[in-house]
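Heads up, the thing below is written out as structure tokens.
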Amino acid sequence: NLRPALLQIAQALAACLVLAITTAIGWQQDWETRWQSDYVTVIGEETSFLMADNSRITLNTDSALAVDFTAERRQARLFKGEAWFEVSSADNRPFIVATSVGSVRVTGTRFNIRLHQDTAIVSLDEGQVELSISDHSNNPNGAPIILSPGQQATLSPQGISSPSSFDPTAITAWFRNQLVFYDTPLAEVVDTLNRHRHGHILITDQKLKALKVSGVFSTDEPDTALDVMTSTLPIRLTRLTDYLVLIH
């Protein structure tokens with residue numbers, strides 16, 4: 001029966017077309033991001049830098065950030081990826097981290113921000129932060145909120161989520177070259193793996209994106225996570241090349 005083989009070939013061709021389009025768009029967006037950024041990390045790279053006010057920022061893999069300090073404020077803009085902030089309280093100017101969906105305002109504190117699709121996940125380790133979205137005038141969920149240590153919330157076009165507790169071990173796992181997932185949707189896991197490996201992983205069946213994944217993996221061997229997921233979830237992998245993997 002040729003039908004399954006033809007179907008697989010059609011899926012592979014469609015995936016290649018999608019990859020070509022997303023690669024072209026991604027290349028353009030990445031070029032624009034690099035042009036706007038002061039600090040950029042490539043896949044597999046992390047970097048830490050000290051600001052003029054003695055604040056320290058650490059960028060995770062495949063991340064980009066710009067800084068703009070004036071006499072009135074200290075501002076950073078996270079364009080993509082993930083960053084850990086240790087903000088000096090010795091400087092009285094407010095420290096603001098802007099993203100495409102909203103901002104975080106602090107004086108002295110330690111927190112993590114991770115961008116995922118059109119959301120920004122803010123996890124506070126120490127101090128206090130105020131979260132606000134870009135335009136909350138007509139959004140009932142857009143009023144600014146205050147986070148306390150041990151709380152996290154998500155900024156999105158729909159507003160700001162209610163604060164919830166988080167596992168600091170999981171949030172800071174990337175400092176230890178680990179990926180930690182607790183009932184994490186497969187779509188989010190794949191997004192994370194794509195930031196730690198060259199090439200691209202595509203989920204071809206939309207229904208699979210909500211599958212939950214739990215486990216601890218090394219950032220140095222992201223494909224190990226793919227092998228484990230294949231053995232524990234109702235999914236299959238097709239490796240068209242080393243740089244294109246289909247999940248179906």
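Here, each number is a calculation from the coordinates, and none is a lab measurement. As the structure is a prediction and not an experimental result, all values here were calculated from the model. Quick reminder, even Gly has a Cβ in these numbers, built from the backbone with ideal geometry, and neighbours come from all protein chains shown.
Observations on the model:
- Some residue of segment 218-233 being under 28 Å from VAL104 (Cβ atoms) and under 17 Å from the mean Cα position of the chain (by Cα): yes
- From VAL122, VAL104, VAL97, residue being surrounded by 19 or more Cβ atoms within 10 Å (Cβ to Cβ), touching a strand residue (DSSP E or B) at 6+ places or on another chain (Cβ under 7 Å) and without any contact (Cβ under 8 Å) to a residue 24 or more places away in the chain: VAL97
- Tally, over segment 204-234, of residues that are touching a Lys or Arg at 6+ places or on another chain (Cβ under 8 Å), surrounded by fewer than 18 Cβ atoms within 10 Å (Cβ to Cβ) and under 22 Å from GLY44 (Cα atoms): 1
- Number of positions in segment 47-91 that are under 24 Å from ASP118 (Cβ atoms) and either part of a strand (DSSP E or B) or among the charged types (D, E, K, R) (or both): 19
- The set of residues from segment 48-81 being without any contact (Cβ under 8 Å) to a residue 24 or more places away in the chain and surrounded by fewer than 16 Cβ atoms within 10 Å (Cβ to Cβ) comprises SER48, PHE49, LEU50, ALA52, ASP68, THR70, ALA71, GLU72, ARG73.
- Matching entry among LEU237, LEU244 (being surrounded by 14 or more Cβ atoms within 10 Å (Cβ to Cβ), farther than 16 Å from THR184 by Cα and either of a type in the set (Val, Ile, Thr) or touching a Cys at 6+ places or on another chain (Cβ under 9 Å) (or both)): LEU244
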